[in-house]
Each structure stands twice: as C-alpha cells, then as structure tokens.
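Single-structure report; data block below.
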C-alpha cells in the first residue's frame, strides 16, 4: 500500500485538496496539457506528501511518487472508457482508505479529473451532490454527465 511520509501538511500551491472521509487525502491539480512533469514539479509534490499522481504525461524521475496513466484520453470520450474510470476510482478509494495522498491531474478540459474525484468520493461514501460541492465547482460543467449518471445509478 502507501509508503511512509505523507504526514506533512505543507501543500504545493496548485493543489486543490478535497475534504473527504480520510484517513488519506484526495486532491486535483491543474497542469498544462501535453507538458511533461518536471523533476522540480514532482519533487515539490513529493515534499507536499503526494504519493500517487494520476496524470496524462509523466516521464523520468518520479521523486518516489507512483504515477498512474489517466484513462480515457480520446476526444470525444468513449463509453468504454467508463469501465477504466470506475476501476481506477475504486483503486483510488482504496488508496485513500489506506492513508495515501492521491492527486488527479486536470489538463484536458474534459472534466475527467473532476469526474474521477467525484467517483472516488462516492465510493468513499460521499453522496454525488456533496462530492461535487466539495470539489468546489471546479470544472463541474465539463463533467461527462452521462458517465456520472451511469456510475451513480449503479454505485451510489
């Protein structure tokens, strides 16, 4: 499961930490689409306690952070990608329950990071409406609503 560390409360400035039922943490973070993550950026996230980063473009030194490729990168999104998103949300919910600090990158403007965060919170026991509120309205207009509706109808 999660490695040591992660107990530091110093946050990287770009992190949007979402109130959740812990003991771990869930956050979203903006990152320019297509730009690779630099060693400096990953190092700052590691110092902030981030242990898992779901992202679209990471190479090189990970600073000890587990990098997970973001599923569903086709435009427009395909319904088959929903299965991958559900599996990833289930895994991230387990990680948060285990005390990990998980961050999802938001870069493509499709709302997938917000969707993944909402799905993860729902699996942690937060209602969908409350999950959207906790995210603070970040890109909620762009969330693929059909995916969210299907997910809530079977998991909520």
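The values are calculated or read from the model by the stated rules, or taken from the named source; none is laboratory data. None of the values given here were measured: they were computed from a predicted structure. Backbone-built Cβ (ideal geometry, glycine too); neighbour counts: all protein chains shown.
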- Item | Candidate set from segment 32-59 (those that are at pLDDT below 80 and touching a strand residue (DSSP E or B) at 6+ places or on another chain (Cβ under 8 Å)); member that is nearest to residue 132 (Cα to Cα) | 56
- Check on residue 153, in a helix (DSSP H, G or I), surrounded by fewer than 19 Cβ atoms within 10 Å (Cβ to Cβ) and at pLDDT below 70: yes
- Take residue 88 and decide whether it is part of a helix (DSSP H, G or I), at pLDDT below 90, under 24 Å from residue 64 (Cα atoms) and under 13 Å from the mean Cα position of the chain (by Cα). no
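Can you tell me which residue within segment 111-137, out of those that are outside any helix (DSSP H, G or I) and touching a helix residue (DSSP H, G or I) at 6+ places or on another chain (Cβ under 6 Å), is modelled with the lowest pLDDT? Break it down into steps so the answer makes sense when it comes.
Our first condition is that a residue be outside any helix (DSSP H, G or I); within segment 111-137, this holds for 111, 124-127, 136-137.
Filter once more, so that each one left must be touching a helix residue (DSSP H, G or I) at 6+ places or on another chain (Cβ under 6 Å): 111, 124.
Details: 111: 71, 124: 94.
Restricting to residues being outside any helix (DSSP H, G or I) and touching a helix residue (DSSP H, G or I) at 6+ places or on another chain (Cβ under 6 Å), the top hit is 111.
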- Item | Flag if residue 81 is at pLDDT below 85, surrounded by fewer than 18 Cβ atoms within 10 Å (Cβ to Cβ) and under 20 Å from residue 131 (Cβ atoms) | yes
